[in-house]
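Data first, discussion second: the structure below is written as structure tokens.
Quick note: the coordinates plus some simple rules give every number you see, no bench work behind them. The model shown is predicted, which means the values in this text are computed figures rather than measured ones. Glycine also receives a Cβ, built like all others from the backbone with ideal geometry; neighbour counts cover every protein chain displayed.
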């Protein structure tokens, strides 16, 4: 699995934007990706130094359309903390 397969997309919410000042960035990652793979992918793609990786398995919501119900897909979220001497990720700069 290459680095671009590990990182699916950035998560842009009010809470995740508030964590940018602490150098914490939130991403949706591949469901089977490990913390080591996530660390290597972020360092390779964005050229930064990663201090810590926290992951969470998010369960999909149950959705209804009339009498029929279904479920959204489960996914994995990763909060990546950068080191103090690392540069910031430019992708998030214009969104604050």
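Structural remarks
- Förster-model FRET efficiency, 30 Å R0, residue 34 and residue 59, C-beta, rounded to 0.05: 0.95
- In this label model, residue 17 and residue 90 are separated by 2.2 nm, measuring between points 7 Å along each Cα→Cβ vector.
- Of the peptides 51-60, 22-31, the ranking by mean beta-carbon count within 10 Å, highest at the top, reads 22-31, 51-60.
- Whole-Å distance, taken between Cα centres, linking region 28-56 and region 59-93: 14
- Between helix 35-46 and the chain: long-axis angle, C-alpha atoms, 0 to 90°, nearest 10: 60
- Ranked by the mean number of other Cβ atoms within 10 Å per residue, highest first, peptides 70-80, 34-44, 10-20 order as 34-44, 70-80, 10-20.
- Mean residue ellipticity (222 nm) of the chain, computed from DSSP H runs ≥ 4 via -39,500 (n - 2.57), nearest 500: -5500 deg cm²/dmol
- Net lengthening on full extension, residue 24/residue 67 (0.36 nm per residue, minus Cα-Cα): 11.3 nm
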